[in-house]
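Reading through the structure tokens given below for one structure.
The values are calculated or read from the model by the stated rules, or taken from the named source; none is laboratory data. Being a predicted model, the structure only gives us computed values, none of them experimental. Methodologically, a virtual Cβ is constructed for each residue, glycine included, from the backbone with ideal geometry; neighbour enumeration extends over all protein chains shown. We work out accessible area using only protein heavy atoms, side chains counted, and drop any ligands, DNA or RNA first. Shrake-Rupley method; radii C 1.70, N 1.55, O 1.52, S 1.80 Å.
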Amino acid sequence: MKKTVLIGVTGCVAIYKACDIIRGLQKAGVRCKVVMTESATHFVNPLLFRSLTREPVAVGLFDDKPGDPIHHISLAKEADVFLIAPCTANVMAKMANGIADDLLTTTALATRAKIVIAPAMNVNMYEHVATQENMKTLKARGITFVDAESGYLACGDVGRGRLADPASIVAQTLEVLCAKRDFEGKNVLITAGPTVEPIDPVRHISNPSSGKTGFALAEAAAERGANVTVVTGPVSLGDPDGVTVLRVKTGLEMLEAVKKHFERSDVSIFTAAVSDYRPANPYDHKLKKGKDDGVLSSIELVENPDILASMAAKKHAGQFVVGFAAETEDVERNARAKMMRKGADMVVANLVGDGLAFGADDNAVTIVTGDGSVSLDTMPKQELAHQILDVITDEIA
């Protein structure tokens, strides 16, 4: 899932630069939504931002329809980062003093997302003691500023107050959005999804793995600077931005793809639910009921290769191998046994069945390492991915 930057746009001549900011964030794979003050709409029609973002543009505090989520609360929760650019002295003053009298400032007060402010105004307004005190107050609360630049201003004055270069604003926002870059330069290999083992052209052996955990890990690792390759079985998920995705069907195909990339990987994470067995002799024609009942009731199976174990046996110094375990009981004990048996450095295990794990958007896991274990409560898989990467970082440090 893409990260979302909510962009607050205020009534300022520099508003036209918000278009470049949106484009820069979109090129980085970020989803952008815009909330405008009423004053901002006197400079630019909301239609412009709706066209750029392909998202509804929020303006009025009471524009939400009956039955809709409360607008400023839903926006506040949706944002991973709230960027206000350009931000006027008036809006900074409101935020510094907890005033929430329009949709933008109400959302700013309600959000728990990180906030980035790029101020823009006349030099005298910028240098006024009230503005400087408000900026100091907001910085003390943890808000990130992309400071205004000096130069020729729209009013004709020359001095500090000019909106920072859009590229600088984009870069600072991305840094806040993806604060951790602890996988910078590392090669990460991830397997994801199920495998499909054909019986005949219309039947197969498989499992309900959706690939969501593997893809969430891929997105998270890429955000943290890794060069990520995903080898995935059949899933209905789009390719994550900045990630190389190799799509396969069978366990044998997955093994061959993994072999090509394992040697140069620093971290390999095997989340795929590979079918343990496959039909020994798949048929090239559809088996018919009545005619082929004997064949259908006694299909010969052979064991699929154990991709985790075979790769762990080949790892060299400096490589870190992570396995996954889907269990119905004794999660930690079974996970530790799997880690020892297969030679992995770490195993992430979870309960399955009764709607748990497979196909769900959230999960709870137990992470087993050589030094101990940690249990993580139910959370969205995107957040869980970062928690798992945090443990990997600690282990390889």
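Of the options Val170, Tyr152, Ala130, report the single residue whose Cα projects farthest towards the positive end of the charge dipole of segment 130-176 (beta-carbon charges: Lys, Arg +1; Asp, Glu -1).
In segment 130-176, that residue is Ala130.
From the C-alpha gyration tensor of segment 94-174, pull out the three semi-axes of the equivalent ellipsoid (sqrt of 5λ each), sorted largest to smallest, in whole Å.
23, 16, 11
In a GNM of the chain with a 10 Å cut-off on Cα contacts, which of Gly372, Gly323, Gly11 has the highest mean-square fluctuation?
Gly372
Run through every distinct alpha carbon pair of segment 1-108 and return the Kirkwood hydrodynamic radius in angstroms, one decimal place.
The answer is 13.9 Å.
Can you tell me how much longer the chain between Lys77 and Ala364 gets when fully stretched, taken as 0.36 nm per residue apart minus their C-alpha distance, in nm with one decimal?
Roughly 101.2 nm would be gained on extension.
Kindly give the semi-axes, whole Å and largest first, of the ellipsoid equivalent to segment 46-143, taking each as the square root of 5 times a Cα gyration tensor eigenvalue.
Output for segment 46-143: semi-axes of 26, 15, 12 Å.
Report the trypsin sites (Lys or Arg not before Pro) located in segment 180-285 that are in a DSSP loop and have at most 13 other Cβ atoms inside 10 Å of their Cβ, or state none.
Those satisfying the criteria are Arg181, Arg264.
For the chain, give the magnitude of the charge dipole about the Cα centre (Cβ charges: +1 Lys/Arg, -1 Asp/Glu; no others), in debye to the nearest 20.
640
Among Ser210, Val57, Ala273, whose Cα lies farthest out toward the positive end of the dipole of the chain, if unit charges sit on the beta carbon of Lys, Arg (+1) and Asp, Glu (-1)?
Positive-most Cα among the choices belongs to Val57.
If you put +1 on each Lys and Arg Cβ and -1 on each Asp and Glu Cβ, how big is the dipole of segment 236-339 around its Cα centre, in Debye rounded to 20?
About 260 debye.
So what's the Cα pair-distance distribution over segment 104-234, bin width 10 Å, in %?
All Cα pairs considered, the percentages come to 11, 24, 22, 17, 13, 8, 4, 1.
Please give the contour-minus-distance gain from Asp101 to Lys314: 0.36 nm per residue of separation, less the Cα-Cα distance, rounded to one decimal in nm.
Length gained between Asp101 and Lys314: 70.5 nm.
Cross-link partners among lysines for Lys17, C-alpha distance below 21 Å, same-chain residues fewer than 8 apart left out?
The qualifying lysines are Lys27, Lys33.
Between His128 and Gln387, take the C-beta separation as r, use R0 = 56 Å, and let me know the FRET efficiency to the nearest 0.05.
Computed FRET efficiency for His128 and Gln387: 0.80.
Please state the shape class of segment 290-389: rounded when a/c is under 1.5, otherwise prolate if a/b exceeds b/c and oblate if not, all from the C-alpha gyration tensor.
Oblate.
Loop by DSSP (not H, G, I, E, B), at most 11 other beta-carbon atoms within 10 Å: where is the longest site-free stretch of the chain for GluC sites (Glu not before Pro)?
After excluding every exposed loop site, the longest remaining stretch is 1-183.
Please state the charge dipole magnitude for segment 148-223, taken about the Cα centre, from unit charges on C-beta atoms (+1 on K and R, -1 on D and E), reported in debye and rounded to the nearest 20.
Value, rounded to 20: 100 debye.
In whole percent, how big is the carbon plus sulfur part of the accessible area of the chain, probe 1.4 Å, protein atoms only?
50
Rounded to the nearest whole Å², what accessible area per residue is found for segment 249-321 with the 1.4 Å probe?
58
Using a 1.4 angstrom probe, figure out how much accessible area segment 1-129 has per residue, in square angstrom, rounded to the nearest whole.
That works out to 47 Å² for each residue.
I'd like to know which of Ala18, Leu255, Ile307 lies farthest towards the positive end of the charge dipole of the chain, counting +1 on Cβ of Lys and Arg and -1 on Cβ of Asp and Glu.
My answer, from the dipole projection, is Ala18.
Considering only Ile169, Ile205, Ile299, give the residue with the highest GNM mean-square fluctuation for the chain, with springs between Cα atoms whenever their separation is below 10 Å.
Among Ile169, Ile205, Ile299, the largest GNM mean-square fluctuation belongs to Ile299.
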